[in-house]
Amino acid sequence: MTDLLLAGIGQLVTNRGEPLRNAAIAIEGETITYVGNEADAPAVGNGIFIHCEGAAVLPGFVDSHTHLIFAGDRSDEFSRRLAGESYRQIASDGGGILSTVAATRAASEEHLFGLAATRAWRMIRSGTTTIEIKSGYGLDLETELRLLRVARRLGDDLPITVRTTFLGAHSIPPEYRNDRSGYIDLVVERMLPEVAALADYCDVFVEEGVFGIDEARRVFSSAAGFGLGARVHAEQLSRFGGARLAAEIGASSADHLDHATPDDARAMASAGTSAVLVPGASYTLRSTQAPGPMFLDAGCNVALATDCNPGTSYFEAMGAIISLAVVQMGLSVDQAIDAATRGGAVSLGLDDRGVVESGARADLIVLDAPTVAHIPYRPATNLVATVISGGVVIR
């Protein structure tokens, strides 16, 4: 029995070939059961009928790299960067990640949930139906557990799928400033055994002055023993070797990649490591955009993500990220839409979404526009008219 029928679709992007015209989608429960010509669609019966009136429909956005849960405000750093200070200068003065760590450690679990839920609802209303959320603003066991519990609760309480990533190796906390090895020991020997039940992945910020290749390899080796997949902050501020490490260990993704090379891209493609690109961070930092077409040419799966965080990429809507990818990164509209949907799903190992086909999860967006090209064309407007998450109409 059809529970929900969408008809009158002007452009249906399935990510399985050319867009369909005059199309319809039938849904039973959480699953798509029909995709094709409107004339051949099943009857809706007592289910819900939505006539799209010629609008475009596409899969729900999959935001595969975020730091959604945090307290505090770093708008002052934005002004300082505009005045010429660098990311590293601000961090050396006690700003950057450690500023957010101090505010987040001081916040209660309920307060953090309230802040994050407000952000997540804005994301949902902008078309995001699946999201990856990292910890990393605690850098101590108690707060890292708190962040991961909040992330899991968001997935339980809100109409959005959540994948969680432990990012204890995000920065060296102040209390370990003179004991790097002691902090790595803490991450490996105490944190990972405790957080593993709440996390799907482990991440490390691999960068000069943050965590080195050998340190990251040790963390990832331990995380693998607890069944956690690997995601790597790589080549953001310089070419430091994170992308090659990601390929070496068969990581699910290497993220940022602003300074990656064709050799890095080929190694990642051979390893099946996705390239998760975050143009919002490069835009905010006024730095080099990742060479998106290079990864596609190498055969990588490419994903787009907001990198939503309070310091370097306070983006919540994927539409703006798609526009940046098209205008500044050099992706075509079709490539960017695929990367923001199917590409993100692949990077998270979720093969039931990011496409519109029979048997797929019914995560869909109906636009207030005739084609998906309007998303990058009109980046300051939320063109999402209706969001369907797991077959449930949200907006």
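The values are calculated or read from the model by the stated rules, or taken from the named source; none is laboratory data. What you see is a predicted model, and the numbers here were worked out from it, not measured in a lab. As a convention, Cβ positions derive from the backbone with ideal geometry for all residues, glycine included, and neighbour counts pool all protein chains shown. Protein only, heavy atoms only, side chains kept; ligands, DNA and RNA dropped before computing areas. Shrake-Rupley method; radii C 1.70, N 1.55, O 1.52, S 1.80 Å.
Observations on the structure shown:
- Residues of the range 177-195 classified as of a type outside the set (S, T, Y) and open to solvent by 40 Å² or more (accessible area, probe 1.4 Å), total: 9
- Set R231, R239: member being of a type outside the set (S, T, N, Q), assigned to a loop (DSSP other than H, G, I, E, B) and either under 29 Å from A265 (Cα atoms) or within 16 Å of the chain's Cα centre (by Cα) (or both): R239
- Among the strands (runs of 3 or more DSSP E) confined to the range 1-91, the ones with at least 3 residues that are open to solvent by less than 50 Å² (accessible area, probe 1.4 Å) and either without any contact (Cβ under 8 Å) to a residue 24 or more places away in the chain or not basic (K, R) (or both) are located at 4-9, 23-28, 31-37, 56-59, 61-63.
- The range 246-261 - residue that is over 24 Å from G280 (Cβ atoms) and not acidic (D, E) and, of those, most open to solvent (accessible area, probe 1.4 Å): I249
- Pairs are defined by a Cβ separation below 7 Å, a sequence spacing of at least 6 or placement on different chains, a first member in the range 139-158 that is touching a residue at least 60 places away in the same chain (Cβ under 8 Å), and a second member that is among the aromatic types (F, W, Y) and not in a helix (DSSP H, G or I); the pairs so defined are L147/Y137.
- Pair list, Cβ < 7 Å and 6+ apart or interchain, from the range 367-381 residues that are closer than 18 Å to G54 by Cα to residues that are modelled with pLDDT of 95 or more and surrounded by fewer than 16 Cβ atoms within 10 Å (Cβ to Cβ): P370/G54
- Failed condition for P174, given (1) open to solvent by 50 Å² or more (accessible area, probe 1.4 Å); (2) within 21 Å of A243 (Cα to Cα): (2)
- Conditions (1) open to solvent by 10 Å² or more (accessible area, probe 1.4 Å); (2) not in a strand (DSSP E or B); number of the one not met by G354: (1)
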